[in-house]
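The values are calculated or read from the model by the stated rules, or taken from the named source; none is laboratory data. These numbers were taken from a predicted model, which means no experiment stands behind them. Don't worry about glycine lacking a Cβ; one is built from the backbone with ideal geometry, like all the others, and counts go over all protein chains shown. Ligands, DNA and RNA are stripped out before the accessible areas are found, and what is left, the full protein with its side chains, is counted by its heavy atoms. Shrake-Rupley method; radii C 1.70, N 1.55, O 1.52, S 1.80 Å.
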Amino acid sequence: MSTQGCLAANDWICGEYLRSRSQELIDATVQHVWITAVSVVIGLLVAFPLALLARSRPSWAGPVLGLTTLLYTIPSLAMFSLLLPLFGLSAGLVITGLVLYSLTILVRNIIAGLEAVPEEAREAARGMGYGPGRLLWEVELPLALPALMAGLRIATVSTVALTTVGSIVGRGGLGNLIEDALPSFFKAQVLTASVLCVLLAVVADLLLLGVQRLLTPWTRIRPTRTSGRKAAPTGPAGTGSAGTGSAATGTRGAEPADAMKAVS
């Protein structure tokens, strides 16, 4: 079958579709990325103070975590229907729903990251005169970044997938193409839009992973191992024991130096 005839034949893989509908694909992809990015950023801005509230006031932790979990259990169609009277058929409807869905992941990971900060680090910072705000931004938050970034990656990938549901109100990015193609079973459009959704999720995850590695260089440091050399058993038993003892002493003497290098 020729490439030009793949549209008429309704093939799954069709180069002619990519050429003739390239602008439509670009517009849908841009809308998908925009909705995802805005939703994740707003979700992070909302989740951070909620996580701080839950951590500083343990009595609030249960209600905050319970509410965010409850919101995540609401089906997307029901969520958009509940928000429809407030936002109408707009992008704000989809973004608000996606923000609410992201909270359960982001809040839990922020709390987990902050609680994983060693108490010794907090005590050392307080001993150096750090106040609560400086302690949070300069000590606790940097040490909590691995858990926070892990939650951000999960929330972003999840949001890329859920954005397609916005097609029910015409604000679904690549989901709009999938919905438009399903009634006529336009195979090339369904497959292309689906593959682009997967690629968006993979690229977003890899980008955030790269940002995480840049922000947390200490997680890539491997501790050095010092191994002492065994004395060759060429002399008498007493000499061999003394040689072994010297090697062991040398090894123990090297350990504090290595520790000081690691600290410095």
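Just one of Leu143, Leu93, Leu103 is open to solvent by 20 Å² or more (accessible area, probe 1.4 Å) and on the phi < 0 side of the Ramachandran plot; which is it? So that I can check it myself, show each step before the final result.
Details: Leu93 fails: open to solvent by 20 Å² or more (accessible area, probe 1.4 Å); Leu103 fails: open to solvent by 20 Å² or more (accessible area, probe 1.4 Å).
Of Leu143, Leu93, Leu103, the one residue that is open to solvent by 20 Å² or more (accessible area, probe 1.4 Å) and on the phi < 0 side of the Ramachandran plot is Leu143.
Each row is one residue, and each column tells you yes or no for (1) outside any helix (DSSP H, G or I); (2) in contact with a Cys (Cβ under 7 Å, 6 or more places away or on another chain); (3) surrounded by fewer than 17 Cβ atoms within 10 Å (Cβ to Cβ).
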{"residue": "Trp12", "(1), (2), (3)": "yes, no, yes"}
{"residue": "Glu16", "(1), (2), (3)": "no, yes, yes"}
{"residue": "Ala28", "(1), (2), (3)": "no, no, no"}
{"residue": "Ala54", "(1), (2), (3)": "no, no, no"}
{"residue": "Gly66", "(1), (2), (3)": "no, no, yes"}
{"residue": "Leu83", "(1), (2), (3)": "no, no, no"}
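Is it fair to say Leu199 is part of a helix (DSSP H, G or I), open to solvent by 60 Å² or more (accessible area, probe 1.4 Å) and farther than 17 Å from Gly97 by Cβ? So Leu199 passes the test.
Considering region 68-77, the residues that are out of contact with any Phe, Trp or Tyr (no Cβ under 8 Å at 6 or more places or on another chain) and open to solvent by 40 Å² or more (accessible area, probe 1.4 Å) include one that is farthest from Ile105 (Cα to Cα), namely Leu77.
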